[in-house]
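Trainee: Pasting a structure here, questions to come.
The values are calculated or read from the model by the stated rules, or taken from the named source; none is laboratory data. The model shown is predicted, which means the values in this text are computed figures rather than measured ones. Don't worry about glycine lacking a Cβ; one is built from the backbone with ideal geometry, like all the others, and counts go over all protein chains shown.
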């Protein structure tokens, strides 16, 4: 018979048979042509995670390995992993066979099942062992597997990591049959001070790297992985993205302080500039003060988006005639670098000034009809068609939030007109912003001009919300029209693809309604907005509502709201997002009450009883059919409670209402302890079901407590 080996549970992973060998730092550097600056940090983070996971899965990591370091410059991606094992630990792989009772008969002889299992393992039955678990005893075969050397495993681990990198478009170069985000020119792969010989992306691994393209273009040796960062610094490359970025920040702040100004630092631009240089050197430049007559947003956009400069402002936020650029070289002729950048910026500012002066020669209103020649969507008409839809929906919205109808109608007509101006044609990101300037220049009311700018808000997660009533109405109408239109033609966002920014639009509408305390009937607006699309049916409004509720789920998750609290309110499908918000906070408060657990359990029980009964159109509770004292008392308390909480429900004071409903628990507990619901007498049974339904409906004014967990 097989040898007996007592264990408490099945081993799911191979078991280490002996301690692992020593460990050494691992360096992987991939040298390329200039990498996409906006994706560099993302690629670097992904490479580190994928490489570490591959090493971990192979059993090559130690406690030190998780402290791996990332390096990313315009021409390289590198990872330094401390404590990578020289060899995998030996392993014991377990293969489970038949249960002991099926492996041997009453006389202790091996059955066919046991014989077949032993044969498939290539051993005699006597070599099999027993594994005892909570579910019985099993025959097992244990096979020792010697750990492989790290140098044999690491090349494939790196190759797999490179294949899995999130690269939208890969390219080929020369006549090679390999693909990567940019052509690869060198590869360093060191484990300690030893090169791991391999070819990746058709480049042989070695220890030769390259420094700064201009200050140190020649190749140099990296003797060991641990010396990587120091060696690169000697060759004029700050390999650490974080260190390079801090050097940029320190230099920018230093130069700004000298001008008694403050640098306007956009996080995305800072990452991009850090990705463009290997040895950052900040340089201060200036421009003619006359250009400050052009709207600051246009000048800032030119400096940040086109030139990758950091603008400067004074303590009051007013733009100063200075900028800071980040050079990739330490020039002996800094004045020449400065003058070159100033010359380029001067030409761009001259263009912006030309657009500013030319655009103001025509009234903003004169551009509206031209929007009819701009396609919004091939199935949804022109931008002018969209403007007309926005007008109708914005008027309905402004009526709900107490806005000014005349101002809303005027702002809606002008909200997209600046798309036809020269400035927005050159700088599309200024849409709305320039519309505000041009409307103000034309003498439009302040709220109309402001609403033109605000209706694009919020533009991104955490962005500011429109403050004016007119801006709020326009923003809601514009975003809902886009959602309804795109959904009506079947182009629902999937996965990471959202070309029309519908996720942002949906969350924007919800944030405006909730955070600005606007009591708006979302479902009514969706129904009204859908009327503009003759080919759409009511399923579109349902789909858009459901889509928006999914965005709301994420919104509340980020705010720390439990998923079941959200689900409890969603089950009631509130029409008003602000009302949804009031309910969800009431559920949170209710859950902290001592009565909450019992009433939640009771609601679950009631839900199941009513579902199993399957009865519809239950009558009102008949007092004469209430024969048990507990049901009579529950009915009386429900009547009193309903009278007390109905005014609170009507005012949206759900938290106060739920506190009052918590007092029902003793009566509910007594009912379930003393009353049988599903009795043979049909009339009595239906009456008790009606009583439970009235109890459940009272809570459904806030949420479906049966959705709560625990």
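Trainee: Would you check which residues across segment 440-467 are under 13 Å from residue 295 (Cβ atoms) and either surrounded by fewer than 16 Cβ atoms within 10 Å (Cβ to Cβ) or touching a residue at least 60 places away in the same chain (Cβ under 8 Å) (or both) and list them? Walk me through it before giving the result.
Mentor: Filtering segment 440-467 down to residues under 13 Å from residue 295 (Cβ atoms) leaves 440-441, 449, 453.
Across segment 440-467, the qualifying residue is only 441.
Trainee: Shifting gears a bit: For segment 609-651, give me each residue that is modelled with pLDDT under 95, farther than 15 Å from residue 693 by Cβ and not in a helix (DSSP H, G or I).
Mentor: 627, 628
Trainee: Test each condition in (1) surrounded by 16 or more Cβ atoms within 10 Å (Cβ to Cβ); (2) not in a loop (DSSP other than H, G, I, E, B) for residue 95 and report the one that comes out false.
Mentor: (1)
Trainee: Let me ask another. Sort through 40, 30, 51, 47 and tell me the only one that's surrounded by 22 or more Cβ atoms within 10 Å (Cβ to Cβ), modelled with pLDDT of 95 or more and farther than 19 Å from residue 157 by Cβ. Before you say what the answer is, go through the steps one by one.
Mentor: Details: 30 fails: farther than 19 Å from residue 157 by Cβ; 51 fails: farther than 19 Å from residue 157 by Cβ; 47 fails: farther than 19 Å from residue 157 by Cβ.
Matching residue, one of 40, 30, 51, 47: 40.
Trainee: Do we have any residue at all in segment 213-227 that's at pLDDT 95 or above, surrounded by fewer than 17 Cβ atoms within 10 Å (Cβ to Cβ) and farther than 30 Å from residue 330 by Cβ?
Mentor: No, segment 213-227 contains no residue that is at pLDDT 95 or above, surrounded by fewer than 17 Cβ atoms within 10 Å (Cβ to Cβ) and farther than 30 Å from residue 330 by Cβ.
Trainee: All but one of (1) without any contact (Cβ under 8 Å) to a residue 40 or more places away in the chain; (2) within 20 Å of residue 686 (Cβ to Cβ) hold for residue 592; which doesn't?
Mentor: (2) is the only condition that residue 592 fails.
Trainee: Identify, from the list 294, 273, the residue that is out of contact with any strand residue (DSSP E or B) (no Cβ under 8 Å at 6 or more places or on another chain) and either more than 30 Å from residue 44 (Cα to Cα) or buried (at least 19 other Cβ atoms within 10 Å of the Cβ) (or both).
Mentor: None of the other options fit; the residue is 294.
Trainee: State all residues of segment 371-394 that are over 17 Å from residue 528 (Cβ atoms), in a helix (DSSP H, G or I) and without any contact (Cβ under 8 Å) to a residue 40 or more places away in the chain; if no residue qualifies, say none.
Mentor: Matches in segment 371-394: 372, 373, 383, 384.
Trainee: Let me ask something else. Regarding residue 319, is this residue at pLDDT 95 or above, within 21 Å of residue 436 (Cα to Cα) and in the same structural domain as residue 430 (by TED's automatic domain parsing)?
Mentor: So residue 319 fails the test.
Trainee: So which helices (runs of 4 or more DSSP H) stay within segment 223-308 end to end and still have 1 or more residues that are touching a residue at least 24 places away in the same chain (Cβ under 8 Å) and closer than 26 Å to residue 209 by Cβ?
Mentor: 228-234, 241-258, 267-276
Trainee: Step by step: first the residues of segment 141-199, then only those that are under 29 Å from residue 92 (Cβ atoms), surrounded by fewer than 14 Cβ atoms within 10 Å (Cβ to Cβ) and in contact with a helix residue (DSSP H, G or I) (Cβ under 9 Å, 6 or more places away or on another chain), then the one that is modelled with the lowest pLDDT. Which residue is that?
Mentor: Result: 143.
Trainee: Kindly indicate which of 102, 118 is crowded, with 21+ Cβ neighbours inside 10 Å, out of contact with any strand residue (DSSP E or B) (no Cβ under 7 Å at 6 or more places or on another chain) and over 30 Å from residue 228 (Cβ atoms).
Mentor: Sole residue among the options that is crowded, with 21+ Cβ neighbours inside 10 Å, out of contact with any strand residue (DSSP E or B) (no Cβ under 7 Å at 6 or more places or on another chain) and over 30 Å from residue 228 (Cβ atoms): 118.
Trainee: Same structure, new question: Restricting to segment 320-330, give me the number of residues that are more than 12 Å from residue 256 (Cα to Cα) and not in a loop (DSSP other than H, G, I, E, B).
Mentor: 2
Trainee: Of the conditions (1) under 23 Å from residue 348 (Cα atoms); (2) assigned by TED's automatic domain parsing to the domain that holds residue 192, residue 263 clears all except one; give me its number.
Mentor: (2)
Trainee: Just checking, which of 679, 702 is more than 25 Å from residue 571 (Cα to Cα), touching a helix residue (DSSP H, G or I) at 6+ places or on another chain (Cβ under 7 Å) and not in a helix (DSSP H, G or I)? Outline the logic, then answer.
Mentor: Numbers: 702 fails: more than 25 Å from residue 571 (Cα to Cα).
Every option except 679 fails the conditions.
Trainee: Right, something else. Looking at this structure, is residue 555 assigned to a helix (DSSP H, G or I), assigned by TED's automatic domain parsing to the domain that holds residue 511 and closer than 30 Å to residue 596 by Cβ?
Mentor: For residue 555, the condition - assigned to a helix (DSSP H, G or I), assigned by TED's automatic domain parsing to the domain that holds residue 511 and closer than 30 Å to residue 596 by Cβ - is met.
Trainee: Can you confirm whether residue 419 is part of a helix (DSSP H, G or I), farther than 24 Å from residue 373 by Cβ and touching a helix residue (DSSP H, G or I) at 6+ places or on another chain (Cβ under 8 Å)? Break it down into steps so the answer makes sense when it comes.
Mentor: Details: part of a helix (DSSP H, G or I): yes; farther than 24 Å from residue 373 by Cβ: no; touching a helix residue (DSSP H, G or I) at 6+ places or on another chain (Cβ under 8 Å): yes.
Answer is no for this residue.
Trainee: Further question: Yes or no: segment 439-447 includes at least one residue that is out of contact with any strand residue (DSSP E or B) (no Cβ under 9 Å at 6 or more places or on another chain), more than 15 Å from residue 363 (Cβ to Cβ) and outside any helix (DSSP H, G or I).
Mentor: no
Trainee: Of the residues 559, 535, which is touching a helix residue (DSSP H, G or I) at 6+ places or on another chain (Cβ under 8 Å) and modelled with pLDDT under 95?
Mentor: Going through 559, 535 in turn, the sole match is 535.
Trainee: Let me ask something else. Of all residues in segment 68-92, which are closer than 29 Å to residue 182 by Cβ and at pLDDT below 95?
Mentor: none
Trainee: Give me the pairs: first residue in segment 327-340 and surrounded by 12 or more Cβ atoms within 10 Å (Cβ to Cβ), second residue modelled with pLDDT under 95 and in a loop (DSSP other than H, G, I, E, B), beta-carbon distance under 6 Å, and six or more apart or on different chains, which are they?
Mentor: Once the first residue is surrounded by 12 or more Cβ atoms within 10 Å (Cβ to Cβ) and sits in segment 327-340, its partners that are modelled with pLDDT under 95 and in a loop (DSSP other than H, G, I, E, B) give 329/214; 337/331.
Trainee: Being in a helix (DSSP H, G or I), in the same structural domain as residue 163 (by TED's automatic domain parsing) and under 26 Å from residue 190 (Cβ atoms) narrows it down to one residue among 54, 83, 59, 31; which is it?
Mentor: 54
Trainee: Something else: Please name all residue pairs, on different chains or six or more residues apart, with Cβ atoms under 8 Å, provided the first residue is in segment 137-157 and is assigned by TED's automatic domain parsing to the domain that holds residue 79 and the second residue is at pLDDT 95 or above and in a helix (DSSP H, G or I).
Mentor: From segment 137-157, the pairs are 154/55; 157/51; 157/54; 157/55.
Trainee: Among the residues of segment 10-20, is any within 18 Å of residue 228 (Cβ to Cβ) and either modelled with pLDDT of 95 or more or out of contact with any helix residue (DSSP H, G or I) (no Cβ under 9 Å at 6 or more places or on another chain) (or both)? Write out each step before concluding.
Mentor: Here is the first cut: in segment 10-20, the ones within 18 Å of residue 228 (Cβ to Cβ) are none.
No.
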